[in-house]
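Nothing in this text is a laboratory measurement; each read-out follows from the coordinates by a stated rule. Just so you know, these numbers come straight off a predicted model, no measurement behind them. Methodologically, a virtual Cβ is constructed for each residue, glycine included, from the backbone with ideal geometry; neighbour enumeration extends over all protein chains shown.
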Amino acid sequence: MARVVTRQHKVIATIAAWLVAFLIFFPILYTIITSLKTEPEAIAGFSLIPSGTFENYITVQTRNDYIRPFMNSVILAVGSTILALIIAIPAAWAMAFSPTKRTKDVLMWMLSTKMMPAVAVLVPIYLMFRDFGLLDTHIGLTVMLTLINLPIVVWMLYTYFREIPGEILEAARMDGAGLWQEIVYVLTPMAVPGIASTLLLNIILAWNESFWTIRLTTTTAAPLTAFIASFSSPQGLFWAKLSAASTMAIAPILILGWFSQKQLVRGLTFGAVK
Amino acid sequence: MGSITLNKVSKSFGEAKVIPSIDLEIVDGEFVVFVGPSGCGKSTLLRLIAGLEDVSGGKIMIDGKDVTDNAPAQRGLAMVFQSYALYPHMSVRNNIAFPLKMAKVDKAAIDQKVTDAARVLNLTDYLERRPSQLSGGQRQRVAIGRAIVREPSAFLFDEPLSNLDAALRGTMRLEITQLHHQLKTTMVYVTHDQVEAMTMADKIVVLNRGNIEQVGSPLDLYSRPRNIFVAGFIGSPKMNLIEDDYARSKGAKTVGIRPEHFTLSRDSGLWSGTVKVAEHLGSDTFLHLDVDGIGHINARCDGEFGARHGDRIFLTPNETKLHRFNEQGLAI
Amino acid sequence: MATQNTRALARFMMAPSVILLLVWMIVPLSMTLWFSFQNYNLLNPGNVSFAGLFNYQYFYSDPAFFQSIWNTLVIVGGVLLITVIGGIGIALLLDQPIFGQGIVRILVISPFFVMPPVAALVWKNMIMHPSYGVFADISRLFGFRPVDWFAQYPLLSIVIIVAWQWLPFATLILLTALQSLDSEQKEAAEMDGASAFSRFIYLTLPHLARAITVVILIQTIFLLGVYAEILVTTNGGPGYASTNLAFLIYRTALLGYDVGGASAGGIIAVILANIVAIFLMRAVGKNLDR
């Protein structure tokens with residue numbers, strides 16, 4: 001059999017792969033194209049060539065104040081991720097470097113909280129938010145997103161920290177490093193890549209969270225998910241403007257996502273697939 | 001200076017007693033090898049000396065000073081780990097300089113020492129690289145370099161060659177031995193490979209199940225094993241251990257004969273047997289024989305002895321070189 | 001030396017995470033449980049009384065309940081089927097030597113990063129709209145009448161949208177698993193005379209088994225709670241045709257203001273999720289013993 005891949009084989013595989021990739025990417029591509037069309041163009045039938053107007057982007061900002069939900073998304077996603085990291089790093093650290101017999105059970109239990117369906121606690125959470133005046137506030141939603149992503153953050157950090165070999169820490173101790181020096185010179189530099197990918201992945205998850213962000217906000221703290229969802233009942237024809245808003249909502253996270261593909265797999269499978 | 005004394009040192013992990021009680025004297029400048037099968041406690045013993053594990057009982061003295069409760073860094077020892085344990089985010093230069101930086105040595109002196117160590121270890125061209133850009137042997141040298149610059153009173157090696165391929169292992173074995181001649185510092189070396197033990201050690205400590213079976217020079221252990229375990233562990237091919245009538249006729253429970261202590265002949269001898277496999281190494285030939293009434297025997301003969309599979313051969317043990325062992329497995 | 005201290009320190013470091021999650025799990029859940037036995041309507045909040053099992057009976061006797069359970073299963077099952085089979089196919093394709101592999105990967109993974117409301121709206125308006133959608137354009141091109149997807153096939157439409165979102169995830173994980181297959185194994189099988197098909201059945205598929213399990217279990221967790229896609233497209237309709245359990249509970253709670261009823265539904269959802277969770281725990285748990 002042919003060990004050397006024939007050129008023909010490669011060309012066929014390439015065409016097939018690009019075709020599949022194009023079909024999968026098409027809805028996103030078409031959204032971007034439509035966002036560059038005028039409204040009449042957008043409903044005038046299938047066309048891949050827009051007139052190239054940026055008017056829709058300007059309209060979305062002037063008419064719907066796009067910047068506010070965008071900033072809310074940034075505040076909520078980044079804020080909740082950093083908060084989760086601050087809480088999770090010590091926990092993941094302790095579990096990775098001084099594991100006990102119960103460490104595994106604790107990790108499993110943490111993951112199980114992630115499996116609690118959101119709707120099951122919708123009523124009490126909604127009532128609590130209402131009674132404490134947290135509805136439609138940044139602080140309320142940030143805490144919410146922190147809590148729902150905390151188990152994943154602990155898990156991801158744990159799988160990364162566990163890969164730092166114990167012998168290196170011992171070597172540092174033999175070399176005369178004290179606890180503080182061990183943390184500054186050896187542990188932190190080795191842990192930073194894992195923390196960075198956890199940060200990245202969690203921002204993506206928080207940015208796209210679409211249950212609590214929609215249900216617990218109205219305007220003040222509403223992020224892009226709620227902003228876009230509010231377009232579901234159309235007021236007249238608005239294809240092009242909707243596309244512009246959608247493009248702006250997904251663009252930043254799409255780009256972040258492209259950078260994090262590799263970490264995505266091990267992060268979301270809790271290290272089960274690498 | 002680097003003499004190390006272990007006084008009734010013991011270690012348990014929970015219920016499991018890994019090391020019941022060990023007394024050992026390591027003289028300054030010696031190359032001592034701890035050897036034994038896996039799980040014999042040799043690595044644990046090294047880590048106790050290093051201070052990476054706490055003893056459960058007994059005392060460890062370095063240069064006559066009790067260091068049992070001292071942190072690893074205060075013991076003045078350097079260690080080379082099995083995985084090398086290089087800091088992946090630091091250049092070779094910074095890896096080697098790290099212990100000096102921790103000891104707050106001034107910058108000029110650090111540079112000088114790192115340069116010297118790099119020259120000794122042929123690492124000068126690689127100083128700015130990261131460990132991940134080095135080959136296995138080079139990483140090994142960096143780990144040694146990191147140990148050298150501290151000018152420790154003793155070096156500890158934990159199976160340092162087990163991740164290298166056979167050819168490189170031979171080279172590194174030689175380099176470490178040369179380094180010892182050059183530095184004349186105490187070295188404690190852990191391995192499961194008896195060849196490394198025989199070729200490098202001034203003194204071998206054979207361990208089994210947490211106990212010292214025998215301490216002595218390589219040739220000591222080879223020619224005067226104290227018991228069956230040492231006899232079987234040291235030497236390759238393995239010593240033949242024969243029980244039954246022949247052993248009884250020599251007044252022993254078991255008799256041991258090294259493969260080279262046979263006289264082989266085509267036509268006459270005490271025993272006869274069939275060649276199962278003949279391994280021709282050029283200078284030597286190893287014969288795996290099925291001897292009538294005895295069983296499997298390893299014999300070594302010179303390269304010109306042209307035995308082949310299926311040949312009938314006569315062999316006579318050299319009676320002056322017999323090792324005799326009693327019921328308890330101890331040498332008589 | 002310091003093992004006692006280390007233990008104490010480790011506990012101290014874990015405490016914030018553990019306590020937070022413990023509170024987060026126990027407080028709302030026990031409130032839901034409590035509410036599920038109460039007559040409690042937000043429109044009449046002064047009048048709360050013990051209801052016994054009435055809420056469960058009510059939820060159980062609601063015809064929408066069984067429909068919503070069925071719809072939940074259809075969404076989970078349908079999406080899993082499409083994503084696992086499609087994922088294996090695409091992963092096998094992308095594992096071939098191709099030009100521009102990096103870009104292809106980026107294009108294929110992209111839908112995963114699209115937030116659910118955007119995904120749903122894009123499909124609803126740009127692709128599946130009966131007059132302006134791309135599907136309608138294609139139908140007209142071939143002389144067919146365009147399909148009104150969300151009126152005629154509401155559940156299928158949602159399955160398609162959700163499958164599009166999760167296909168990249170399945171593909172990426174299966175591709176990662178595929179690339180870890182030892183090439184010597186493949187060569188050994190080739191030497192043993194195995195055809196490409198039997199190599200796939202006896203070598204590739206067993207190797208992928210673990211990844212497929214992970215894909216199924218992780219997706220199931222998320223698919224049980226599909227919400228925004230339904231909210232934005234069909235709003236659960238027509239009737240209850242595309243209402244899943246999560247959406248039904250939301251309707252009961254925040255549109256019907258029936259706290260008791262929604263809580264009973266919530267407890268049922270927890271039980272369902274737990275059945276799935278047990279399986280997931282086992283599979284992921286094995287990975288911990290290394």
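Structure above, values below:
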quantity	calculated
Contact order relative to length of chain C, as percent, for alpha carbon pairs under 8 angstrom and 6 or more apart	29 percent
Most fluctuating residue given options C:ARG251, C:ARG140, C:ARG210, as computed from a GNM of chain C linking Cα atoms under 10 Å	C:ARG140
Per-residue average of Cβ from other chains inside 10 Å of A:25-34	5
Residue mean of other protein chain beta carbons inside 10 Å, C:221-233	4
Net charge dipole size for chain C [Lys, Arg +1 and Asp, Glu -1 on Cβ; Debye, nearest 20]	440 debye
Listed pairs B:LYS17/B:LYS42; B:LYS8/B:LYS65; B:LYS238/B:LYS321; B:LYS59/B:LYS203 exceeding 20 Å between Cα atoms	B:LYS59/B:LYS203
Helix B:166-183 vs. chain B, principal-axis angle (Cα, 0 to 90°, nearest 10)	60 degrees
Exposure proxy ranking, count of Cβ atoms within 10 Å, fewest first, for A:ILE49, A:ILE250, A:ILE12, B:ILE313	A:ILE49, A:ILE12, B:ILE313, A:ILE250
Relative contact order of chain A, defined on C-alpha pairs under 8 angstrom at six or more residues apart (%)	31 percent
Under 20 Å from the C:LEU33 label point (7 Å along Cα→beta-carbon), backbone N, the range A:116-143	A:116-128
Protection-proxy order for peptides C:193-204, C:214-225, B:139-150, each taking the mean of Cβ atoms within 10 Å per residue, highest first	B:139-150, C:214-225, C:193-204
Cα lying deepest toward the dipole's positive end in the protein assembly as shown, options B:PRO225, A:GLY52, C:ILE218, charges on Cβ	A:GLY52
Hull-based mean projected area of the protein assembly as shown, where the convex hull spans the alpha carbons, in square nanometres	49.9 nm²
Efficiency of FRET between B:MET1 and B:ASN122 - r from beta-carbon atoms, R0 30 angstrom, step 0.05	0.55
Percent RCO, i.e. relative contact order, over the range B:4-232, from Cα pairs under 8 Å lying at least 6 residues apart	29 percent
Total charge dipole magnitude, the range B:238-325, about the Cα centre, Cβ charges on Lys, Arg, Asp, Glu only, Debye to nearest 20	280 debye
Angle between chain B longest axis and helix B:107-120 axis [Cα atoms, degrees, rounded to 10]	20 degrees
Degrees, to the nearest 10: A:67-97 long Cα axis against longest axis of chain A	20 degrees
Candidate lysines - alpha carbon under 26 Å from A:LYS241, same-chain residues fewer than 8 apart omitted	A:LYS37, C:LYS124
Only Lys, Arg (+1) and Asp, Glu (-1) charged, at Cβ; chain B dipole about Cα centre in debye	740 debye
Using a Förster distance of 56 Å, the FRET efficiency for C:ASN44-C:ILE138 (Cβ separation, nearest 0.05)	0.60
Cα-only radius of gyration and Dmax that characterise chain C, units Å	23.9, 83
GNM flexibility winner over chain A from A:PRO50, A:PRO165, A:PRO193 (Cα, springs under 10 Å)	A:PRO165
Max mean-square fluctuation residue, GNM over chain B, Cα-Cα springs under 10 Å, options B:VAL92, B:VAL190, B:VAL105	B:VAL105
Simple spin-label estimate for A:MET128 and C:ASP148 in nanometres, 7 Å along Cα-Cβ	4.4 nm
